[in-house]
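The values are calculated or read from the model by the stated rules, or taken from the named source; none is laboratory data. These numbers were taken from a predicted model, which means no experiment stands behind them. Here Cβ is always computed from backbone atoms with ideal geometry, including for glycine, and neighbour counts include all displayed protein chains.
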Amino acid sequence: MDAIFEIDSLPSPFLVEDQVVDAVCAYLDRAGWADIRPKYSHERGNDIEASLGDRRLFVEAKGAGSARATSKRHGQPFERKQVYSHVGVATVRALRWVASGDVHAALAFPDNEDHRQEVVAMLPVLKQLNVTVFWVAADLSVSVEGASLPTL
């Protein structure tokens, strides 16, 4: 079954996690990845799982603000200390995948100043550990840094 990812644009000044997930899924689909399985913010599990031949990819994604209507900060971007915490939690999750040796690990973040400041110092180490970083711009385009994605 072919994957179809529709990216909803929300009336928000920042990207929420589900938009980051959809943008990366669309990128992976265009790059030939198969069996792309997104999990959205209301679901538990790895945010994105995909395969390319016998290679598996897990992606941990974060947004720049909360889309949950019940959140105290709904409609507001995350504060710098929240970005720091989210990037740290996502990185630990990716490192656990690396340690398992079973999958290629990746992180996905909004391409904004706060997320870049938290990630940029770690990029050489993430690349050395074979972790890919997806950056999702406001126009939902995706760029890649860190380790290259596996190919066939």
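Quick rundown of the values:
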{"item": "Any chance residue 97 is among the aromatic types (Phe, Trp, Tyr), buried (at least 16 other Cβ atoms within 10 Å of the Cβ) and closer than 23 Å to residue 81 by Cα", "result": "no"}
{"item": "Exclusive hit being modelled with pLDDT of 95 or more and closer than 23 Å to residue 30 by Cβ, set 125, 136, 98", "result": "136"}
{"item": "In the stretch 61-84, residue modelled with the lowest pLDDT [restricted to those that are in contact with a helix residue (DSSP H, G or I) (Cβ under 7 Å, 6 or more places away or on another chain) and charged (D, E, K, R)]", "result": "80"}
{"item": "Odd one out for residue 22 among (1) over 20 Å from residue 131 (Cα atoms); (2) within 16 Å of the chain's Cα centre (by Cα)", "result": "(1)"}
{"item": "Qualifying residue in the stretch 80-93 (condition: of a type in the set (Lys, Arg) and either buried (at least 16 other Cβ atoms within 10 Å of the Cβ) or touching a strand residue (DSSP E or B) at 6+ places or on another chain (Cβ under 6 Å) (or both))", "result": "yes"}
{"item": "Filtered residue count, the stretch 120-150, keeping only those that are closer than 19 Å to residue 18 by Cβ and polar (S, T, N, Q)", "result": "1"}
{"item": "Looking only at the stretch 27-70, and only at residues there that are in contact with a Gly (Cβ under 9 Å, 6 or more places away or on another chain) and in a strand (DSSP E or B), the one that is farthest from residue 148 (Cα to Cα)", "result": "65"}
{"item": "Counted residues, the stretch 97-126 - those being polar (S, T, N, Q) and either closer than 13 Å to residue 147 by Cβ or in a strand (DSSP E or B) (or both)", "result": "0"}
{"item": "Residue 73 being basic (Lys, Arg), out of contact with any Ser or Thr (no Cβ under 6 Å at 6 or more places or on another chain) and surrounded by 12 or more Cβ atoms within 10 Å (Cβ to Cβ)", "result": "no"}
